[in-house]
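The values are calculated or read from the model by the stated rules, or taken from the named source; none is laboratory data. On a predicted model such as this, the values are computed, not experimentally measured, just so you know. Positions of Cβ are backbone-derived with ideal geometry, glycine not excepted, and every protein chain shown enters the neighbour counts. Each accessible area value is taken on the protein alone, full model and side chains, heavy atoms only, with ligands, DNA and RNA left out. Shrake-Rupley method; radii C 1.70, N 1.55, O 1.52, S 1.80 Å.
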Amino acid sequence: MKGDETMAGTGGGEPGGMPLERLLGAEADGDDQAVESALRPRDLEEFVGQTRVREQLDLVLRAARARGATADHVLLSGAPGLGKTTLSMIIAAEMGAPIRITSGPAIQHAGDLAAILSSLTEGEVLFLDEIHRMSRPAEEMLYMAMEDFRVDVIVGKGPGATAIPLELPPFTLVGATTRAGLLPPPLRDRFGFTGHMEFYEPAELEQVVHRSARLLNVEVEPEGAAEIAGRSRGTPRIANRLLRRVRDYAQVRADGRITREIAASALQVYEVDGRGLDRLDRAVLEALLRLFGGGPVGLSTLAVAVSEERETVEEVAEPFLVREGLLARTPRGRVATPAAWAHLGLEPPERSGGGGGAGQPELFES
Ligand code: ADP
């Protein structure tokens with residue numbers, strides 16, 4: 001491995017020190033950013049999957065165009081790498097408008113936001129990624145800007161401070177968040193349309209792989225694309241990243257063509273298993289099964305067993321394991337499901353007299 005998959009720290013100071021290299025991380029890394037712009041679908045037609053959001057958005061945009069108006073503000077929620085930035089660019093393209101891209105953490109002060117808003121042109125799309133991480137004063141300024149296309153700029157300090165109203169041209173805010181539930185209701189209510197992005201089906205990811213392979217000039221057989229899609233955790237960004245790694249392997253070890261065998265061998269080299277688990281995911285599962293008999297075991301104990309920070313296990317490995325139905329969070333600790341035993345090819349231990357077995361975890365959201 002050439003060590004080219006360093007994460008750019010887009011999560012912005014998450015606690016606990018995330019691992020620096022992760023082939024299956026859904027956040028964009030430096031390498032992704034260079035290639036992604038070439039792979040982004042340019043219009044709704046090209047955008048794979050998300051049928052419902054695409055159809056709804058198509059109506060919103062068509063209606064706005066027919067009225068000759070600026071499109072309503074749009075909120076996109078969903079996990080990283082599912083296409084929120086791509087959709088915001090498509091919205092701008094479909095409206096024939098320019099786009100400005102920024103993010104919640106980049107806006108520390110209300111003044112930062114005022115500077116951006118006051119420089120927008122009529123109809124411009126403002127993409128605000130991680131909108132739930134904006135500062136409170138900036139958020140309050142945004143309420144007024146979204147509703148009345150106006151901001152109050154505060155001049156001076158203390159008792160002599162005055163608010164000078166500033167008119168803004170109509171614009172379209174596209175907010176993106178990984179968790180819509182984190183947004184204060186007054187902010188959520190100011191969006192005319194909210195689209196929830198789902199994880200992609202394997203067949204949709206196959207389409208993404210075929211499309212990207214075409215753009216990257218790589219030959220991929222249908223079975224090769226299926227192999228990559230099945231290990232991409234429902235996420236186009238990961239599918240594109242795995243495709244690039246498999247392409248490297250195919251060039252160096254074969255004739256460049258991606259067959260099922262080539263994809264499987266390449267991903268074995270990168271320690272991505274058939275279900276899309278990487279080394280950390282498997283280490284967590286193995287510890288849970290082999291050391292703790294499938295649980296229940298506390299998160300901290302599990303983290304020590306795999307020599308990782310608690311937060312890394314909780315935020316990096318667990319969400320996917322839970323989503324895959326391999327691990328359950330219960331009030332008494334982490335528990336492996338029967339599918340976890342099957343996935344690692346291990347026999348679950350016989351439990352005497354039932355009660356607290358791994359098979360019936362109580363569901364518990366921590
Ligand atoms: P997000 O903003 O949700 O993190 P992005 O919009 O940056 O995700 O998407 C990551 C990459 O995945 C993009 O470069 C794009 O190439 C690809 N992608 C995302 N959604 C789709 C899609 N529906 N069809 C094809 N490619 C997609």
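Among residues that are without any contact (Cβ under 8 Å) to a residue 60 or more places away in the chain, hydrophobic (A, V, I, L, M, F, W, C), outside the structural domain of residue 232 (by TED's automatic domain parsing) and surrounded by 17 or more Cβ atoms within 10 Å (Cβ to Cβ), residue 91 is not included. Scan the range 1-46 for residues that are open to solvent by 40 Å² or more (accessible area, probe 1.4 Å), under 19 Å from residue 280 (Cα atoms) and modelled with pLDDT of 50 or more and the total you get is 2.
Residue 147 meets each of the listed conditions (1) assigned to a helix (DSSP H, G or I); (2) free of Cβ contacts under 8 Å to residues at least 60 places away in the same chain; (3) open to solvent by less than 40 Å² (accessible area, probe 1.4 Å); (4) assigned by TED's automatic domain parsing to the domain that holds residue 98 apart from (3). If you go through the range 95-133 and keep only what is part of a strand (DSSP E or B) and over 21 Å from residue 79 (Cα atoms), you end up with 99, 100, 125. Answer yes or no: is there a residue in the range 206-226 that is closer than 20 Å to residue 127 by Cβ and touching a Leu at 6+ places or on another chain (Cβ under 9 Å). Among the residues of the range 206-226, not one is closer than 20 Å to residue 127 by Cβ and touching a Leu at 6+ places or on another chain (Cβ under 9 Å), which makes the answer no.
Scan the range 36-54 for residues that are farther than 16 Å from residue 93 by Cα and assigned to a helix (DSSP H, G or I) and the total you get is 4.
Inspection of the range 282-299 finds no residue satisfying the criterion of being closer than 27 Å to residue 37 by Cα and crowded, with 18+ Cβ neighbours inside 10 Å.
For the range 65-84, does any single residue satisfy the condition of being among the β-branched types (Val, Ile, Thr), within 15 Å of the ligand (Cβ to nearest atom) and either open to solvent by less than 40 Å² (accessible area, probe 1.4 Å) or in the same structural domain as residue 147 (by TED's automatic domain parsing) (or both)? Yes; the residues of the range 65-84 include at least one that is among the β-branched types (Val, Ile, Thr), within 15 Å of the ligand (Cβ to nearest atom) and either open to solvent by less than 40 Å² (accessible area, probe 1.4 Å) or in the same structural domain as residue 147 (by TED's automatic domain parsing) (or both). Only residues that are at pLDDT 90 or above, among the hydrophobic types (A, V, I, L, M, F, W, C) and surrounded by 19 or more Cβ atoms within 10 Å (Cβ to Cβ) were counted across the range 180-197, and they come to 3. The range 164-270 holds helices (runs of 4 or more DSSP H) entirely within its bounds, and those carrying 3 or more residues that are more than 16 Å from the ligand (Cβ to nearest atom) and not assigned by TED's automatic domain parsing to the domain that holds residue 101 map to 222-230, 236-253, 260-269. So which residues in the range 131-159 are β-branched (Val, Ile, Thr), modelled with pLDDT of 90 or more and touching a Leu at 6+ places or on another chain (Cβ under 6 Å)? 151, the sole residue that qualifies.
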